[in-house]
Structures are given as C-alpha cells and as structure tokens.
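As structure tokens, the structure follows; a few thoughts come after it.
What follows draws every value from the coordinates through simple rules; no lab data is involved. Given the structure is predicted, the values throughout are model-derived calculations rather than measurements. Cβ sites come from the backbone with ideal geometry, for glycine too, and all protein chains shown count toward neighbours.
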Amino acid sequence: MRDIAELWIIDESGCCIFNYAPVQSLDPNLFAGFMIALSQFGQSIAQASIQSLKLGRNLFVFTKIPSTNLLVVGRAEQKTADETRISQVLKDIYARFLEKFPPETMKEWCGDIKQFEPFKEDIEKFFEDKTTRVKGMW
C-alpha cells in the first residue's frame, strides 16, 4: 500500500513549483519556505541534510538530488509510514519529474509554475491506485 498522502517539489528559493495534496489544508508556498528553511538549517548546523521530520501524527520525508536544486518532500501518517520506502518512492517521483522537466528546463525557468502542471496527471495516476507497487507505478 502506498504511504504518501501529500507531495511537494520545492526550488532552493522556497517556491513550491509543484504540489499534490488531495485535501489542500495549507498554503503550499508557506509550507515550501518552511521546509527549505529547515533543510538549510540542518545543512548549516550539522553539515548534513535533514532526512525526515516527525510532527504530530505526520512524517515528512525529504529527498534532495544533487543534479538540481530541488527538494522533494512527502507526507505520510507516522503509524503506517515506512521511511525507507517513502524515500525510494520520492526518488522515483523525482526521476520521473526530471524526465519531463530536465535540469536545463530548471535553468531556464522564469518563475511560472504553470509549466509544471502537466506533471499532475502522472502523480494522480500514482495516487489513484492505493495498491500500486513502487516498481510498477510508472
């Protein structure tokens, strides 16, 4: 069973360039700014990336791939979450995102997040089937 309930792709400035949240309960850019600040804080204090954050009943898992300056964050409920599996799914989602929007696209990006909207179809396919296996999701 898929664990991820929500997903955000955030650029290094704290702008949420893509998010998937079936129940939109918070401002994605406010959330993105907070997540980037946490990530940068962890990097400056411990010279290491934050891997996850437990907050209430939620587990937030962070994935940053060095080839770009994007951060992918997934949220799951702690009681059912498998952090290792979530991290792998986020890496797979990230790889799919980079297939559609290669790093060159990000270098030329002018701030209009509408260009990333087509990725929503890919994510919805994943989230509509609760029994999707990681290897077969794409």
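Fewest to most neighbouring Cβ within 10 Å: what's the order for 110, 16? Mind dumping the intermediate values first?
Working: 110 5, 16 21.
Listing 110, 16 from fewest to most nearby Cβ atoms yields 110, 16.
Other residues with beta-carbon under 15 Å from the beta-carbon of residue 100 carry, at +1 per Lys or Arg and -1 per Asp or Glu, a net charge of -4. Listed by chain and number, the lysines whose alpha-carbon sits under 18 Å from that of residue 125, ignoring those within fewer than 8 places in the same chain, are 91, 100, 135. Among 84, 105, 63, the order by Cβ neighbours within 10 angstrom, fewest to most, reads 84, 105, 63. The amide H of residue 6, built 1.01 Å from its N in the peptide plane, has 75 as neighbours under 5 Å, considering only residues 5 or more places off or on other chains. If you run the Gaussian network model on the chain, springs between alpha carbon atoms under 10 Å, then out of 114, 100, 64 the most flexible one is 114.
Under the Kirkwood approximation applied to all pairs of distinct alpha-carbon atoms, what is the hydrodynamic radius of the chain in Å? Write down the numbers at each step before the final one.
Details: mean 1/r = 0.0655 Å⁻¹.
Evaluated on the chain, it is 15.3 Å.
Among the GluC sites (Glu not before Pro) within the range 1-96, which fall in a DSSP loop and have no more than 14 other Cβ atoms within 10 Å of their own Cβ?
Details: sites: 6, 12, 77, 83; in loops: 12.
Within the range 1-96, the qualifying GluC sites (Glu not before Pro) (loop, at most 14 other Cβ atoms within 10 Å) are 12.
Its Cα centre serving as origin, the chain has a Cβ charge dipole (Lys and Arg +1, Asp and Glu -1) of approximately 480 debye.
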